[in-house]
1. Quick check on my filter: what residues within the range 235-247 are modelled with pLDDT under 95 and either touching a Pro at 6+ places or on another chain (Cβ under 7 Å) or in a loop (DSSP other than H, G, I, E, B) (or both)?
2. Scanning the range 149-185 for residues that are open to solvent by less than 40 Å² (accessible area, probe 1.4 Å) and touching a Lys or Arg at 6+ places or on another chain (Cβ under 7 Å), which turns out farthest from ligand 1 (Cβ to nearest atom)?
3. Return a yes/no flag: does the range 115-135 have any residue that is within 16 Å of ligand 1 (Cβ to nearest atom), among the β-branched types (Val, Ile, Thr) and at pLDDT below 95.
4. Could you pull out the residue among GLU166, GLU173, GLU153 that is closer than 24 Å to ASP203 by Cβ and without any contact (Cβ under 8 Å) to a residue 24 or more places away in the chain?
5. Is one or more of the residues making up the range 17-36 part of a loop (DSSP other than H, G, I, E, B), acidic (Asp, Glu) and away from ligand 2 (no atom under 16 Å from the Cβ)?
6. Condition check: without any contact (Cβ under 8 Å) to a residue 60 or more places away in the chain and either touching a Gly at 6+ places or on another chain (Cβ under 9 Å) or over 23 Å from ASP139 (Cβ atoms) (or both). Does GLY12 satisfy that?
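The values are calculated or read from the model by the stated rules, or taken from the named source; none is laboratory data. Just so we're clear, the structure is a prediction, and the values are computed from it rather than from any experiment. Note that we place each Cβ from the backbone using ideal geometry, even for glycine, and neighbour counts take in every protein chain shown. Accessible surface areas use protein heavy atoms only, side chains included; no ligands, DNA or RNA. Shrake-Rupley method; radii C 1.70, N 1.55, O 1.52, S 1.80 Å.
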Amino acid sequence: MKRAITLWSESGGVGKTTMATNVSAALGRQDERVLVIDLDPQLGSLTDHVGYQELKTGDRDHLGHVLLDDEKDIRSLIVETEDFDLVPSHEGLANIESEMAARNTSLREFQLRSALKSVAGEYDYFIIDPPATLNVLVDNALVAARNVLIPIELTRKGSISIEGLEDTLDSMERGFKKFDDSFELGILAVVPNEVGDSNIYRDTREELETDGKPVTPFGVRKRDVLKEAWKNQMNLFEFAESDETRDLREYEGDLLANFEQLARIVQQGTVDAVEVEA
Ligand SMILES: Nc1ncnc2c1ncn2[C@@H]1O[C@H](COP(=O)(O)OP(=O)(O)O)[C@@H](O)[C@H]1O
Ligand SMILES: [Mg+2]
């Protein structure tokens, strides 16, 4: 395994799942072996996005069992999607915190990390999509991944939220170091999402750059085609190929390029992996 990544932000709906899906697809299309782990039990999770929602309900083995029981192998849960492998989420994950407490699970935040060890040799990248609320699942995502991609809105609110996230990551890092000396959490990139043309976007980007944040030289534009792809239960690359007659290519091309650029950042481990655009 070359690298593990999680997406994080303080608020829901900023594009974590969309980014996780399409960066994973971009990596998969470069013949990287990608395992996506969906930790979000709610509606609108990555598992729903790529069309496996039926796996989220019912009495079946799921990720929650793996996190609660060291004997259960995560491998048995993996399904193949078009461009990457997926460990689907399950609504039962919503109770994980109380179940861990009831069972007195030790080192609760480290369960996903140890569960992934058994498949580490088979993948190049783990991409972990966390739930919206800060809970033990987010801790598991951060501990397992250690590299964080942060989608933000390029507004005052977005730039303030980065400060808060950095503080939270610092204090988590200090906390986890107590269990593992070498533990480090790093922001791989801050990725502006739903960007448009107004000056506010440019000004906020400049502020972030001046503050030394690892903001990507591009932003993902606000495009309904992302919602359309979701509705059709496909990642954007798949969706772009799904109907030759539809005239999407011109305006979706920049989005596909952005996800490829993000994939390069993931591969090289630095935001400098992409050229700054004019
Ligand atoms: N760049 C974008 N342009 C248009 N819609 C977007 C964009 N990014 C995300 N969305 C839409 O916004 C909604 C929330 O995105 P999602 O990825 O689920 O966020 P999160 O995982 O952070 O909650 C989804 O309907 C998604 O299709
Ligand atoms: Mg999400």
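1. Matches in the range 235-247: ASP243, GLU244, THR245, ARG246, ASP247.
2. Across the range 149-185, the extreme among qualifying residues is PHE183.
3. yes
4. Details: GLU173 fails: closer than 24 Å to ASP203 by Cβ; GLU153 fails: without any contact (Cβ under 8 Å) to a residue 24 or more places away in the chain.
Exactly one residue qualifies, and that residue is GLU166.
5. Yes, the range 17-36 has at least one match.
6. Judged against the criteria, GLY12 is not a match.
Listed here are the residues, each with its yes/no results for (1) open to solvent by less than 20 Å² (accessible area, probe 1.4 Å); (2) more than 8 Å from ligand 1 (Cβ to nearest atom).
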| position | (1), (2) |
| --- | --- |
| GLU10 | no, yes |
| LYS16 | yes, no |
| ALA20 | yes, no |
| VAL23 | yes, yes |
| GLU32 | no, yes |
| ILE37 | yes, yes |
| HIS49 | yes, no |
| THR57 | no, yes |
| ARG60 | no, yes |
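Matching residues to (1) surrounded by 21 or more Cβ atoms within 10 Å (Cβ to Cβ); (2) within 13 Å of the chain's Cα centre (by Cα); (3) touching a residue at least 40 places away in the same chain (Cβ under 8 Å):
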{"residue": "ALA94", "(1), (2), (3)": "no, no, yes"}
{"residue": "ARG113", "(1), (2), (3)": "no, no, no"}
{"residue": "LYS117", "(1), (2), (3)": "no, no, no"}
{"residue": "ASN135", "(1), (2), (3)": "no, no, no"}
{"residue": "ASN147", "(1), (2), (3)": "no, yes, yes"}
